[in-house]
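Chemist: Please read through the structure below; I'll follow up with questions.
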Amino acid sequence: MADALATVRRNPLSGALWGLRAYLILARMWVRVSLSYRASFAALTAGQFLITGLDFVGIVVMFTNVDTLGGFGLPEVAFLYAGSGLCLGLADLALGNIERLGARIRTGSFDAMMVRPVPLYAQACADEFSLRRLGRIAQSMAVLVWSVVVLDLAWTPLKVLAVAGMLVCGTTIFLAVFTLGAAFQFWTTDGSEAANAFTYGGNTLTQYPLTIYPAQLVKVLTFVVPLAFVNWYPSLYVLDRPDPLGLPAALQFASPVAALALTLLARLAWHRGVRRYRSTGS
Amino acid sequence: MSLIEVDRLGRSFVVRRRAGRFRREAHTVHAVRDLSFTVEPGEMVGYIGPNGAGKSTTIKMLTGILVPTAGRLRVAGIDPSRDRVALTRRIGVVFGQRTTLWWDLPLRDSFALLRRIYRVDAARFRRNVDTFTELLDLGDLLDTPVRQLSLGQRMRGDIAAALLHDPEILYLDEPTIGLDVVSKGRLREFLRTLNAERGVTLLLTTHDLQDIEQLCSRVMVIDHGSLVYDGALHQLHARSESTRTLVVDLVDEADPIDVPGATVRRVEGPRQWLSFPADRSAAPLVAAVAAAYDVADLSIAEPDIEDVITRIYAHGVPGGQQAGLSHDAGATPGVPR
């Protein structure tokens with residue numbers, strides 16, 4: 001008895017590392033599956049590149065009629081657009097299929113995950129991992145490079161750091177939002193559309209300068225659903241823009257705080273959800 | 001120490017029901033209550049009961065999926081609700097109705113993936129795959145994606161997958177459901193071999209009493225969340241006075257068949273239904289009928305689980321103690337001898 005208890009008291013770090021490794025094992029397996037249908041994989045990836053690209057074409061067309069949007073020129077809007085798209089794309093690549101959790105719970109295949117020696121979160125994230133999501137990332141990357149070249153910013157080390165921080169924190173924020181949406185499905189098994197409103201819908205909001213929205217909405221996006229920290233506040237700093245709403249400049253460096261808070265919240269929700277599942281079985 | 005120790009285990013759910021326009025009433029439903037039993041290493045135990053009796057709830061608690069609301073539970077010395085992940089390495093689980101394999105992957109890749117997930121060393125893994133491929137006749141199926149397998153093939157694949165990490169205990173939830181007679185027979189043969197040669201402890205839920213008859217020395221019957229019987233199958237039949245039915249098709253219509261040990265329940269033209277105690281062999285009866293009459297065809301119908309359980313209740317459980325049932329092998333009141 002004593003030795004059995006001793007073997008299960010693992011330290012949390014090695015548990016997390018094993019979760020990451022198992023995630024990579026599962027993800028690689030899904031990549032191999034998708035590559036066995038090469039033509040369909042290529043079509044899906046190209047399709048995602050084009051569909052998300054069309055989004056940006058819409059913005060460009062808009063700028064043939066106006067010179068600025070909410071006080072921002074096309075290259076600046078492109079920078080905002082790409083920042084949001086890249087962060088969403090990276091998060092979507094890493095765990096986009098976590099939204100299938102509700103379906104798994106409904107069909108009972110979540111139980112199968114529970115009898116495997118891999119953290120549930122790692123399994124749920126890796127579920128049907130697909131590289132076709134590189135389409136969105138590639139498209140956003142292209143727009144980002146274009147905007148940076150055209151903007152010809154006065155780069156300082158701190159600005160480079162701000163861009164890197166924007167990508168890390170923005171991706172983390174979207175990861176947390178995806179996770180929150182999935183955890184929500186422990187309560188309502190068909191809540192994936194509600195979750196999508198915040199992830200893909202959130203991306204649609206934040207790809208434009210927030211100045212085009214009412215100030216109330218910007219405050220909501222700052223203090224309630226902090227998606228403004230994905231790209232808006234870091235971009236204000238990088239683009240040398242004073243905050244149009246006159247909010248404190250400190251917000252422009254607060255993305256890590258928002259990302260951390262949201263991550264902790266998502267973690268709590270996930271554990272609560274799993275606990276609920278284990279006490280209801282449904 | 002027993003391999004599985006279940007002590008006064010309980011699991012209740014709070015169900016909210018609408019009562020009136022806005023009011024919702026909370027009811028507590030006891031899916032499992034006061035369940036106690038132990039399983040020793042190497043046993044093959046059948047776990048049966050009607051739908052909704054608490055079988056799945058018990059299995060879910062034994063595998064750590066569900067957290068119990070009462071009682072104590074140890075599987076291989078591990079508390080499943082606290083150390084679910086540690087437990088997964090010691091047990092194998094097969095859900096009859098749904099696969100635990102990856103739908104789009106060929107079996108071979110699913111196995112390789114499980115090897116990495118369970119961290120099985122390469123030599124042992126190869127040995128196990130070879131063994132199970134041969135025993136379960138998977139050779140031609142290894143490169144077929146799971147979604148293209150038939151139900152029986154998929155079940156064999158699922159069972160092999162659940163055994164690659166050499167679990168001490170294998171839980172099988174309705175392993176023969178939907179399989180044809182030949183597949184059922186082969187699967188049972190495999191499970192017997194597995195138990196005899198590898199000493200794997202088996203706990204299986206089923207609706208098919210034949211599974212129990214051919215595999216399990218012990219059967220546990222659960223109903224309304226409590227054990228109503230725990231013991232050998234033949235005693236279950238004796239206790240419940242359950243009967244099997246011999247259906248005889250005679251060449252010509254005749255008077256009700258008169259042979260010792262059986263009574264005619266029904267006559268319909270040349271077809272007659274004879275019932276006889278389920279714990280008796282059918283062979284002497286068949287021989288007697290065949291010797292005295294011109295028989296065109298014979299078949300035997302097994303009692304079904306619902307019927308057996310209904311009969312247990314009809315005859316009453318001695319002393320009202322389920323736990324006492326398994327240990328009073330000598331005295332079985334109410335059994336005609």
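Chemist: Any idea how many residues of the range B:264-278 are over 29 Å from the mean Cα position of the chain (by Cα) and part of a strand (DSSP E or B)?
Modeler: Residues flagged as over 29 Å from the mean Cα position of the chain (by Cα) and part of a strand (DSSP E or B) within the range B:264-278 amount to 7.
Chemist: Just to confirm my filter: which strands (runs of 3 or more DSSP E) fall fully inside the range B:181-254 and include at least 3 residues that are within 20 Å of B:Arg280 (Cβ to Cβ)?
Modeler: Counting at least 3 such residues, we get B:243-250.
Chemist: Just to verify a result, which residue in the range B:74-107, among those that are surrounded by fewer than 16 Cβ atoms within 10 Å (Cβ to Cβ) and touching a residue at least 24 places away in the same chain (Cβ under 8 Å), is nearest to the other protein chains (Cβ to nearest Cβ)?
Modeler: Of everything passing the filter in the range B:74-107, B:Gln97 is nearest to the other protein chains (Cβ to nearest Cβ).
Chemist: Turning to a different aspect of this structure: Tell me, yes or no, whether the range B:110-130 has at least one residue that is touching a strand residue (DSSP E or B) at 6+ places or on another chain (Cβ under 9 Å), buried (at least 21 other Cβ atoms within 10 Å of the Cβ) and within 14 Å of chain A (Cβ to nearest Cβ).
Modeler: Among the residues of the range B:110-130, not one is touching a strand residue (DSSP E or B) at 6+ places or on another chain (Cβ under 9 Å), buried (at least 21 other Cβ atoms within 10 Å of the Cβ) and within 14 Å of chain A (Cβ to nearest Cβ), which makes the answer no.
Chemist: Could you tell me how many of the residues in the range B:25-60 are at the interface with another protein chain (Cβ under 10 Å from one of its Cβ atoms) and at pLDDT 95 or above?
Modeler: 0
Chemist: Scanning for something at the interface with chain B (Cβ under 10 Å from one of its Cβ atoms), among the polar types (S, T, N, Q) and either closer than 20 Å to B:Thr99 by Cβ or touching a residue at least 12 places away in the same chain (Cβ under 8 Å) (or both), does the range A:31-44 turn up at least one residue?
Modeler: Yes, that holds for at least one residue.
Chemist: Testing A:Pro242 on (1) closer than 30 Å to B:Ala31 by Cα; (2) not in a helix (DSSP H, G or I), one condition comes back false. Which one is that?
Modeler: Of everything listed in (1) closer than 30 Å to B:Ala31 by Cα; (2) not in a helix (DSSP H, G or I), A:Pro242 misses just condition (1).
Chemist: Quick check on my filter: what residues within the range A:175-185 are part of a helix (DSSP H, G or I) and out of contact with any Ser or Thr (no Cβ under 6 Å at 6 or more places or on another chain)?
Modeler: Once the filter is applied, which keeps residues that are part of a helix (DSSP H, G or I) and out of contact with any Ser or Thr (no Cβ under 6 Å at 6 or more places or on another chain), the range A:175-185 yields A:Leu175, A:Thr179, A:Leu180, A:Gly181, A:Ala182, A:Ala183, A:Phe184.
Chemist: What is the number of the single condition among (1) farther than 22 Å from A:Ala250 by Cα; (2) in a helix (DSSP H, G or I) that A:Gly165 does not meet?
Modeler: Tallying (1) farther than 22 Å from A:Ala250 by Cα; (2) in a helix (DSSP H, G or I), A:Gly165 fails exactly one: (1).
Chemist: Take the range B:279-297 and flag every residue that is acidic (Asp, Glu) and part of a loop (DSSP other than H, G, I, E, B).
Modeler: Correct list: B:Asp279, B:Asp294.
Chemist: Please give the number of the condition B:Asp258 fails out of (1) over 33 Å from the mean Cα position of the chain (by Cα); (2) modelled with pLDDT under 90; (3) buried (at least 17 other Cβ atoms within 10 Å of the Cβ).
Modeler: B:Asp258 satisfies every listed condition except (3).
Rundown of residues vs (1) farther than 15 Å from A:Ala91 by Cα; (2) assigned to a helix (DSSP H, G or I), yes/no style:
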position: A:Leu158; (1), (2): yes, yes
position: A:Cys169; (1), (2): no, yes
position: A:Thr172; (1), (2): no, yes
position: A:Trp187; (1), (2): yes, no
position: A:Ala195; (1), (2): no, yes
position: A:Thr199; (1), (2): no, yes
position: A:Tyr208; (1), (2): yes, no
position: A:Thr222; (1), (2): yes, yes
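Chemist: I'd like the full set of residues that are out of contact with any helix residue (DSSP H, G or I) (no Cβ under 8 Å at 6 or more places or on another chain) and surrounded by 10 or more Cβ atoms within 10 Å (Cβ to Cβ), limited to the range B:7-23.
Modeler: Within the range B:7-23, B:Asp7, B:Arg8, B:Gly10, B:Ser12, B:Val14, B:Val15, B:Ala19 qualify.
Chemist: Counting only residues that are of a type in the set (Gly, Ala, Ser) and within 8 Å of another protein chain (Cβ to nearest Cβ), how many does the range B:64-73 have?
Modeler: Total meeting the criteria: 1.
Chemist: For B:Val15, only one of the following conditions fails: (1) at pLDDT below 90; (2) away from chain A (no Cβ under 13 Å); (3) farther than 22 Å from B:Pro175 by Cα. What is its number?
Modeler: Result: B:Val15 fails condition (2) only.
The values are calculated or read from the model by the stated rules, or taken from the named source; none is laboratory data. Note that this is a predicted model, so its numbers are computed, not measured. Note that we place each Cβ from the backbone using ideal geometry, even for glycine, and neighbour counts take in every protein chain shown.
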